[in-house]
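Notes for the one structure printed next.
The values are calculated or read from the model by the stated rules, or taken from the named source; none is laboratory data. Here the structure is a predicted model, which is why all the values come from computation and not from measurement. Every residue, glycine as well, gets a Cβ built from its backbone with ideal geometry; the counts of neighbours run over all protein chains shown. Calculation scope for accessible area: heavy atoms of the full protein, side chains included, ligands and nucleic acids excluded. Shrake-Rupley method; radii C 1.70, N 1.55, O 1.52, S 1.80 Å.
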Amino acid sequence: MLKEKFLENFYSVYSEQYILASLILYNDSWNDIYYLLNIDNFFFKNHKIIFSVILEFLNLNIGFDIYSIYNRIKIYSNFNFLDYLNYIIQKVPNPYNIIYYTRITHNMFLLRKILIFSNNIINNILKSKKLNISEILINIELEIFDILKNYLKEKNDSYLLSNIFNKYFLNNNFLKNFYISTGFKNLDNIIKKINGGDLLIIAGRPSMGKTSFSLNIAKYVSSEYGLPVIIFSMEMSSNQILIKILSCILNEDQDFINKTLNPEFLNNFDKNYLKIIYSLKIFIDETVNLNIIQIYTKCKFLIKEYGSLGLIVIDYLQLMSSTNPNQNRVLEISEISRSLKCLAKELNVPIIAISQLNRNLESRNNKRPVISDLRESGSIEQDADIVLFIYRDEIYDSENLLNKNIAEIIVSKHRNGPIGTANLYFFDNKSKFSDF
């Protein structure tokens, strides 16, 4: 651990005193800083003690002053708290700068964390007899993620309805980037739009076209809105994803593309299709067993480079790793689904997560999925804003030609609107969905 003298430039005595004095003199000033301040932000032990007592009163919703605090705190006889409390409250004429000094204290706390964290990395590397680069990098990502979560804290304000109205209807840029469509009119007529921050679950039994459907939406978002899209494909390789997207764009069978995709084929390639392919800002990450921290880090890099993201696709949710693997899989999936929802809100980007279904539905006469068929965790339903099931009757009744190439997109949950079913054409060999 670093000695305190190395941290002497990373705390502000006055800022900590100002915060404590403001809270003592003006209890209500806590409402301005509650979202940003906790006991660890204070550097000095005596300030931590004073703040812990203040928190007790705040949690009990009891008013407090210098004497009520002292009566609670005087058990610490090794320090003259009464004189010290009198001393610090003389420094604060008004509480109006409490947010400013809280930010200083909070940022100093983060700088100390970074300094200690960096020092620990160096010491661990120097002491280690066998360096595990992967483990070191994962630990670095975890620490950085924790620091970023603290740094990005924002006040959860309530907004006047008229201000929300103005922001929604009068700010053209906000309105333009507020939502995305799926590109399928029949489906958009039901769900209307997918908002930034939404978690959309696409689920179905094997061979229903879950990945193809998600890729169709990803292609539409990238081409229609000109926004980058990232696909985390933990099951298929990037080459397989490429073939599916090319098959959809070219309206050709995947087998044909696999056999003919060579330099000679590209020489005769329609230049209009080339323009489409090169205009798509679709990123494919085929890293296996990704966890939420790795996904967060990769998405932040893209946002930093391109300014925004239009969509994140996870293929699929059950292949993700938990950041806390020492629990049962149901709890792990619950943690993963909740983390995906939090990530969508923090980045203000919609996330599509493909999910598996239980095999139980195979024993039913009507094999159309329902919410309870979601595999391994009921929290997926709770965290999702929209749940879509893909059902193709031809999988179970191939002789009925009326069902050929028909896919039912069943909207089973819609937090902000109605539910229902949209029928689409699906051409499996071309990985392509289209409206009737």
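Backbone amide hydrogens, once placed in the peptide plane, bring Ala203 within less than 5 Å of Ser355, Leu388, Phe389, Ile390, excluding anything fewer than 5 places away on its chain. Where in segment 374-413 is the amide nitrogen less than 14 Å from a point lying 7 Å along the Cα-to-Cβ axis of Glu362? Residues 396 fall inside that zone. In this calculation the C-beta distance from Lys185 to Thr421 is compared with R0 = 25 Å, giving a FRET efficiency of 0.95. Each principal axis of segment 300-417 carries a Cα extent, and these read 51, 36, 26 Å when sorted largest first. Distances between every pair of Cα atoms in segment 378-419, grouped in 5 Å steps from 0 to the bin holding the largest one, split as 6, 22, 20, 16, 11, 13, 9, 3 percent.
Look at the dipole of segment 349-393 built from charges on Cβ: of Leu361, Ile351, Phe389, the Cα furthest out on the positive end belongs to Leu361. If R0 is taken as 51 Å, the Cβ-Cβ distance between Ser398 and Ile133 corresponds to a FRET efficiency of 0.50. Shown are Arg392, Arg103, Arg364, whose ranking by accessible area with a 1.4 Å probe and every protein chain present, most to least, is Arg103, Arg364, Arg392.
Full extension of the chain between Asn429 and Leu126 yields a length gain of 103.6 nm, computed as 0.36 nm times the residue separation minus the alpha carbon distance. The calculated P(r) of segment 13-89, using every Cα pair and 5 Å bins from 0, goes 3, 15, 32, 29, 17, 4, 0 in percent. Backbone amide hydrogens, once placed in the peptide plane, bring Met234 within less than 5 Å of Asp315, Tyr316, excluding anything fewer than 5 places away on its chain.
Legend: translational diffusion of segment 192-235 by Stokes-Einstein, Rh = Kirkwood radius over C-alpha pairs, 37 °C, 0.692 mPa s; D = 274 µm²/s.
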